[in-house]
Each structure stands twice: as structure tokens, then as C-alpha cells.
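Remarks on the structure that follows.
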Amino acid sequence: MVGICGPNGSGKTTLLKTILGLIKPTEGKVLVFGKPITKDTQMRIGYMPQLKGYSKEFPAKVKDVVSMGRYPIRGLFKRLTRKDWEIIERVMNDTQLSELADRPIGQLSGGQFQRVMLAQALAKQPEIILLDEPTSALDFRMTIKFMDLLKELNEKYGLTVIAVHHDLQLLKDYTDRIICIDKAVEWEGNPQDADLDEALLRIFFYKTTH
Amino acid sequence: MATLEDFIQAFQYDWMQRTVLAAVLIGVICSLIGVFIILRGMVFIGEAIAHSAFAGAALALLLGISDPLLLVLFFGISTALGIGYINKDEKVEDDVIVGIFFASFMGLAIFFIGLLPSYTSNVQAILFGRILLITKRNVNLLILFTLITTVSIFLLKKEFFMISFDKELAIASGLPVTAMNYFFLVLIALAIDVSIFAIGAILVFAMLVIPAATAYQLTYDFNKMIVLSITFGVFSSLGGLFFSFIYDWPSGSVIVLLATFLFVVSYILSPKRKLVSTVFLLFKRNFKHVPEISPLPHFHGENQGIEEFKEHLREIQKGDEKN
Ligand SMILES: Nc1ncnc2c1ncn2[C@@H]1O[C@H](COP(=O)(O)OP(=O)(O)OP(=O)(O)O)[C@@H](O)[C@H]1O
Ligand SMILES: [Mg+2]
């Protein structure tokens with residue numbers, strides 16, 4: 001489990017989007033599974049975008065959005081199979097969404113919506129999952145459930161989790177590796193490293209001019 | 001003025017059956033495409049394509065081409081592809097460029113019409129639509145395009161749905177969004193180009209937008225939205241045909257006015273706006289029971305620390321798991 005942190009505007013979202021192939025790097029290149037990114041590799045990566053405004057009236061229910069995670073796997077022209085729906089239901093269960101399955105997404109709270117987007121990313125059964133501030137709208141309890149779930153998937157299935165967090169406690173408790181960026185990698189190491197706090201202070205308080 | 005009897009009598013004639021079929025198909029093709037236009041907020045793009053088709057029709061009149069359909073198709077499809085090309089970097093906020101397309105085609109169309117020696121009834125037909133004069137070739141193409149559109153939207157429904165919901169997520173998932181975008185723009189062009197002579201160049205894009213917008217008011221279910229949109233579309237275009245026959249009104253405007261009427265009704269009834277229930281509530285007082293908030297047991301002092309709180313939550317969670 002990798003945690004990414006950095007001040008607002010430091011390029012965290014940009015980094016994730018570059019890994020996904022949504023943005024072309026101006027220099028250098030991105031290798032995923034040892035190769036440049038293609039449609040095939042995109043299918044093996046789950047992505048949960050940073051919380052943004054969706055239309056409140058969009059005609060989709062929770063289960064519709066979660067099922068989108070299966071679309072690329074199933075492929076063009078094909079309908080989702082029973083097996084897909086089993087996976088979707090299991091994921092909704094894991095993210096405590098089963099009761100909300102038929103709720104229009106416009107009627108969800110921010111935190112509930114965030115869980116929908118996580119479920120969508122998990123429904124893909126990816127090998128890597130990229131999460132952009134996944135717990136920014138979750139309550140304490142849900143945050144812990146959420147992180148525990150990721151940890152479990154990480155330990156059981158070897159799911160690689162790369163997540164942007166603003167919560168230092170989460171980074172320390174739940175990641176194996178922390179990367180702090182501010183336009184460039186400023187610090188990289190383990191959560192136990194003695195110089196972590198000092199590095200954070202430097203990056204967030206003494207350096208920033210934002 | 002014709003009577004209702006004339007209208008029913010007319011059904012025995014080939015041309016009338018053809019016209020009714022055309023009305024139904026126009027309702028289907030426009031309002032089906034319209035669902036995705038509404039969900040993706042591409043209303044303006046639809047209008048730009050419609051105006052390019054108008055310019056094509058005007059040019060055909062100027063050149064004295066008897067059936068302007070081919071030229072209309074050429075203009076419509078090239079505009080669709082052009083807009084797709086400009087939009088290919090996935091910047092959706094290209095309103096300005098689309099707006100310039102839109103205005104310049106309108107200018108071009110008016111220019112061509114201005115060069116015509118006389119203002120013929122053909123111009124009227126292009127502007128306002130004459131569903132009763134729709135040609136056989138137009139109806140055949142309409143059948144073909146409706147089939148293509150319905151089948152491909154049915155087959156690619158989930159992908160179009162996902163792109164409408166979140167384009168970036170769709171790209172990141174590995175869906176061929178760029179190709180599908182071009183394809184969708186061409187479908188818009190086909191729908192407009194075969195409907196233009198029945199509804200008129202000025203109003204054809206309204207038929208793409210209004211039935212779908214009406215359906216959008218009424219449901220949170222995507223499939224229901226499609227069904228409702230098509231229902232409203234077919235109802236409006238058949239209604240337009242009827243009034244056009246009886247009163248000799250321009251079919252396009254009647255179709256659009258009927259569709260607008262449905263929109264207003266559904267806007268008022270919409271569960272998304274709660275206009276009706278709000279009015280009811282004015283007559284009904286409701287008292288809500290406000291529960292007392294009990295304080296958290298474990299927290300005293302100021303900086304007891306988040307760790308302790310988390311410990312507490314973990315305890316609760318363990319309890320949960322046992323249940
Ligand atoms: N390496 C870079 N060099 C120059 N500009 C960059 C770089 N990375 C990102 N930017 C620019 O910085 C801006 C903000 O980046 P981004 O959205 O990734 O920030 P963020 O770290 O996700 O911030 P937040 O915490 O607010 O979500 C973008 O406009 C992006 O183009
Ligand atoms: Mg960000």
C-alpha cells in the first residue's frame with residue numbers, strides 16, 4: 001500500500017491521471033506492469049477519482065454506477081452476465097452499499113457517493129487501484145472500515161493500493177510506503193522512518209509559497 | 001381544412017402510410033439520440049449540426065438539385081466529424097468553437113437563400129418542415145438510419161451510458177471513447193439529416209432535445225428515460241402530422257409545440273422538482289419529532305487524542321463483526 005501526499009496543487013491528481021494515461025507526460029514515460037500503458041493495462045487498474053460535482057439529476061442508481069466497473073471487462077456489445085452481477089453485489093456488500101443499491105446517485109451524501117466510486121473501482125477486480133483522496137468525505141467510522149477493507153484486499157489478494165491522502169494519521173497507520181510530492185518527489189520512505197515528520201514539516205510549512 | 005374523416009380515409013393511400021411511418025421513425029430516432037445529447041450536455045453541438053444541414057439544403061436549392069438529401073447528408077456528417085476533431089482532446093468546454101460553427105452555417109444558409117432568384121415554397125419547406133411532402137427516398141433512408149441507430153445504441157448502451165456519466169472514468173477504464181464519440185456525432189448527423197424535411201431546419205434540433213429533456217424530468221432510471229423519451233417523441237411527431245393534415249399547419253412547429261407542452265407538464269409533475277408536493281405541503285403542517293442528542297460517553301477534556309477515539313471505534317467495529 002502506497003500513500004501519496006503533498007500540498008494542494010502539488011500534482012497528486014495529475015500524477016494519478018498520468019499513470020492512467022489520461023494525461024500525456026511532457027517528459028519521461030510511465031511504465032505500468034513494466035510496459036507503457038495500453039487499453040489492456042487500463043483494464044487492470046481501478047480508478048477512483050477525486051470527489052467532484054456530478055449532476056444531481058443524472059438517471060443512474062447506485063448499482064448502475066458500481067456495475068460500470070465491469071463494463072470494460074465484459075467488453076463492447078455484451079451485456080453483463082450473472083457472474084458480473086455476483087461480483088457487483090459482493091463489492092456493494094463490502095462497501096456497505098447493499099441497502100442503497102436502488103437509490104438514485106443524486107440522492108446520496110458525499111460520503112455515500114465516495115463509497116459508490118470505490119465499489120465501482122473494486123468491481124473491476126483490478127490488480128492496482130488508484131484512489132484520489134478516497135476518504136475526504138467519509139466519517140471516522142467509515143474511514144476506518146474503508147481502509148481496513150483495502151488492507152484486507154491488499155493482504156489477501158495482493159491488490160496494489162496507491163492512494164492520495166491528506167490525513168497523516170491514515171498514511172502512518174495504513175501504508176507501507178509514503179511518497180511526498182510537490183511538483184517533484186520531495187521525500188520517499190516508510191511510515192516508520194524517523195525523518196518523516198521533519199520532511200512533512202519542511203514540505204508543508206517551510207517550503208510552500210502557495 | 002380537412003376533416004377527421006379525411007384523415008382516416010387517407011390511411012388507405014400509400015403516401016399516407018409512408019408519412020405515418022416517417023412520423024413514427026422520426027420520433028424514435030430523434031428522441032433516442034436525444035437521451036444521450038441531454039445526458040452529455042451536447043445540445044449546442046446538435047444545433048450546430050442542424051444548421052450545417054440547413055446550409056446543405058439551401059445550397060441544393062441554389063444549385064437546382066431536385067433531391068437535396070445527399071448534400072444535406074454531406075454537410076451534416078462533415079460538420080459532425082469536424083466538431084469531433086476539434087473536441088478530440090476531450091475538452092468539453094468548446095462552446096465558443098461550436099458556437100462559431102453554428103453561426104457561420106446559419107450565415108452560409110441565409111447567403112445561399114439570398115442568392116435564390118425567388119423565395120420559393122421549397123425554402124419554406126426546409127425552414128418549417130412539410131411532413132406530408134416527405135419523399136420516398138427520404139423515408140427509405142429514415143428506415144435505414146433508424147435501424148442503424150437503434151441497433152448500435154442498443155449494442156453500445158452501457159458504454160454510452162458510462163461516457164455520459166463520467167467521460168474521464170470511461171477513458172481510464174479502457175473504453176474506446178474517442179472512436180465512440182465520432183460515431184455518436186455521426187449518428188446525430190444522420191438523425192438530423194433525415195428529419196430535416198419533416199420538421200424543418202430551424203426546429204429539428206428541438207426534436208432531439210425536448211422529448212429527452214421531458215423524460216429526464218420524470219425518472220432516475222436510465223432505461224425508463226429511454227422508453228419515455230421515445231414515447232414522447234413519437235406522440236409529438238404523430239400529433240404534428242395530424243394537425244398538419246387537418247389544418248395545413250407547418251408540421252415542424254406543431255411537433256415542437258406539442259413536445260414543449262409535454263415538457264412543461266412533466267416539469268411541473270417532476271419528482272426532481274417537487275413543485276407539486278411543495279404546493280401540497282403549503283396546505284399541510286407537519287411536525288417533526290426531533291430526537292435528543294446524547295453525548296459521547298468516552299470524551300472529556302480537550303486533547304484526548306484521535307488515537308483513543310479510533311480505539312473506541314475499533315471496539316465498536318469488532319462488536320459489529322461479531323453480529
Ligand atoms: N509536475 C508538474 N509541473 C508543473 N505543473 C504541474 C505539475 N503537476 C501538476 N501541475 C499543475 O498543477 C495544477 C494542480 O495539480 P493537481 O490537480 O494534480 O493538484 P493536487 O495535488 O491533486 O491538488 P489537491 O490537493 O487540491 O487535489 C494543475 O493545473 C497541473 O497542471
Ligand atoms: Mg487532487
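Tabulated data
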{"read-out": "Mean Cβ neighbour count within 10 Å, used as a protection proxy, ranking B:184-191, B:206-213, B:39-46, B:97-104 highest first", "value": "B:206-213, B:184-191, B:39-46, B:97-104"}
{"read-out": "Protection proxy ranking of B:255-261, B:141-147 - average other beta-carbon atoms within 10 Å, highest first", "value": "B:255-261, B:141-147"}
{"read-out": "Segment B:Leu116-B:Val96, extension gain: residue separation times 0.36 nm, minus the distance between their alpha carbons", "value": "4.1 nm"}
{"read-out": "The range B:93-116 and the range B:204-218: distance between their alpha carbon centers, rounded to Å", "value": "24 Å"}
{"read-out": "Per-pair calculated FRET efficiency, R0 = 41 Å: A:Asp195 and B:Arg273 via Cβ, rounded to 0.05", "value": "0.15"}
{"read-out": "Normalised convex hull volume, the range B:134-188, alpha-carbon set, Å³ per residue", "value": "74 Å³"}
{"read-out": "C-alpha center-to-center spacing [the range A:104-143, the range B:5-74] in angstrom", "value": "44 Å"}
{"read-out": "P(r), alpha carbons of the range B:46-140 - 5 Å bins starting at zero, rounded %", "value": "3, 13, 22, 23, 17, 11, 7, 4, 1"}
{"read-out": "Tilt relative to chain A, helix A:140-157 - C-alpha long axis, 0 to 90 degrees, to 10", "value": "80 degrees"}
{"read-out": "Estimated buried accessible area (total), pair A and B, 1.4 Å, Å² to nearest 100", "value": "3700 Å²"}
{"read-out": "Using a Förster distance of 41 Å, the FRET efficiency for B:Tyr85-A:Asp102 (Cβ separation, nearest 0.05)", "value": "0.50"}
{"read-out": "Cα-based shape type of the range B:171-216, given that a ≥ b ≥ c are square roots of the gyration tensor eigenvalues and the cut on a/c is 1.5", "value": "oblate"}
{"read-out": "Positive-end extreme of charge dipole, the protein assembly as shown - chosen from A:Ile162, B:Phe160, B:Cys30 (charges on Cβ)", "value": "B:Cys30"}
{"read-out": "Virtual spin-label span in nm between B:Ser104 and B:Asn140, 7 Å along Cα→Cβ", "value": "3.5 nm"}
{"read-out": "Out-of-range pairs (alpha-carbon distance over 24 Å; input A:Lys52/A:Lys124; A:Lys39/B:Lys88; A:Lys124/A:Lys183; A:Lys12/A:Lys52; A:Lys24/B:Lys158)", "value": "A:Lys124/A:Lys183; A:Lys24/B:Lys158"}
{"read-out": "Dipole magnitude (debye, nearest 20) for the protein assembly as shown, charges at Cβ of Lys, Arg, Asp, Glu", "value": "1200 debye"}
{"read-out": "Neighbouring partner chain Cβ atoms per residue of A:55-64, average, 10 Å criterion", "value": "6"}
{"read-out": "Bridge type composition, the protein assembly as shown - antiparallel percent by DSSP, nearest 5", "value": "30 percent"}
{"read-out": "Average beta-carbon neighbours from other chains, 10 Å sphere, peptide A:72-82", "value": "3"}
{"read-out": "Solvent-accessible ranking of A:Trp187, B:Trp249, A:Trp85, largest area first, probe 1.4 Å", "value": "B:Trp249, A:Trp85, A:Trp187"}
{"read-out": "Heavy-atom accessible area ranking, 1.4 Å probe, most first, across B:Phe232, B:Phe54", "value": "B:Phe232, B:Phe54"}
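The values are calculated or read from the model by the stated rules, or taken from the named source; none is laboratory data. Quick caveat: nothing in here was measured; it's all calculated off a predicted structure. Neighbour counts run over all protein chains shown; Cβ positions are idealised from the backbone, glycine included. For accessibility, only protein heavy atoms count, side chains too; no ligands or nucleic acids. Shrake-Rupley method; radii C 1.70, N 1.55, O 1.52, S 1.80 Å.
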